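The values are calculated or read from the model by the stated rules, or taken from the named source; none is laboratory data. Worth saying up front: this structure is predicted, and the values here are computed from it rather than measured. Cβ coordinates were reconstructed from backbone atoms using ideal geometry, including for glycine residues, and neighbour counts include every protein chain displayed.
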Amino acid sequence: MKNNLEMKAEIEDTYAEAFDGLFTRLVITAKEASLLKKASYNSTTLPSIVINRTEGGVERWLNEKETPDGRVGSIVQFWGGLDEALVDKSVDRFYKEISYRIRQGILVVPTTAVFNAHTSTKVIDTMNRIGHCGDGYEWEEDCNDRHVIKVPLMMGDFIIERYIGYGKGVMGGNIWLMCNSEEAALEASNKAVKAIKDIEGVITPFDVCSAGSKPETSYPEIGPTTNHFYCPTLRNKIPNSKVPKGVNSIPEIVINGTTLEAVKSALKVAILSSQEVKGVMKISAGNYGGRLGKYKIFLRDLLP
């Protein structure tokens, strides 16, 4: 009989490559849990609508004692690209993109409100692209110790805190779970995503992702395409396949976090939670030789 150590999946001697991005954290509240979930999922749907636009995800759910207005809530994160040479332009684009998500995904859901959840000296003024949805009839007031904009709507007022903080975080941390079956892949990756939810400050914008990509592509007009080197069904069809023998499914879990340490903590619990699932043969990560981002998170360094 194999001992526990022998049963654990191998951790490949490699690193996850990550990069800087802009983020904001918001509290969404609503009168009912069903409306809250609709607004939270609507606004974070399509985690990357188009590459280099925005990503989003639900960080965690809040009870009535944890929210500014005493209603059920959630913390969501939105992420955007950062060009260090054009920071102001990056921030303006980021605001424009998250304004779409707030207006179309949250404001239209009855009884919702949005509050800032990231304390920062760097803030976005929500009046211009969100508050003015009131067509000039919006007003400001102090509410629950927050300075908010109230936007009159046909089902009551939409409330949003006027200034929301933003910061620079780390995007793109990831692990790949190399599994012998689809069943093992789903079990292991779902366990990993569940474990990550306990880490404050991180999201998994794609949760369990079936479509790892690569920077190089034959079709640049549609952005990154499939990472054919790691597609199990191509293992015997291409000469340079990197899919190990016996591996038939490779889910990817992408992690964005407010700090590098938060991303590392999330990667660690993801590895530990999935490592002993039967059928997980190897745990690896996606990187592109340092061309994508400045952070190299070595998987083996995360474990004791």
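Picking from Ser48, Ser34, Ser74, which residue would you name as being modelled with pLDDT of 95 or more, outside the structural domain of Ile271 (by TED's automatic domain parsing), farther than 17 Å from Gly165 by Cα and not aromatic (Phe, Trp, Tyr)? Spell out the reasoning first.
Values: Ser48 fails: modelled with pLDDT of 95 or more; Ser74 fails: farther than 17 Å from Gly165 by Cα.
That would be Ser34, the only listed residue that is modelled with pLDDT of 95 or more, outside the structural domain of Ile271 (by TED's automatic domain parsing), farther than 17 Å from Gly165 by Cα and not aromatic (Phe, Trp, Tyr).
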Do you know which residues across region 95-144 are under 22 Å from Glu59 (Cα atoms) and among the acidic types (Asp, Glu)?
Glu97
Give the residue that is farthest from Thr67 (Cα to Cα), with candidates limited to residues of region 140-159 that are modelled with pLDDT under 95 and surrounded by fewer than 16 Cβ atoms within 10 Å (Cβ to Cβ).
Asp145
For region 98-134, enumerate the residues that are in contact (Cβ under 8 Å) with a residue 40 or more places away in the chain, charged (D, E, K, R) and under 26 Å from Met154 (Cβ atoms).
Arg101
Go through region 229-256 and report how many residues are in a loop (DSSP other than H, G, I, E, B), of a type outside the set (A, V, I, L, M, F, W, C) and more than 14 Å from Asn180 (Cα to Cα).
6
If you take the residues in region 248-304 that are of a type in the set (S, T, N, Q) and either surrounded by fewer than 23 Cβ atoms within 10 Å (Cβ to Cβ) or at pLDDT below 95 (or both), which one is farthest from Gly201 (Cα to Cα)?
Asn248
Grab the strands (runs of 3 or more DSSP E) fully contained in region 61-153, keeping just those with 3 or more residues being under 30 Å from Gly173 (Cβ atoms).
72-81, 113-116
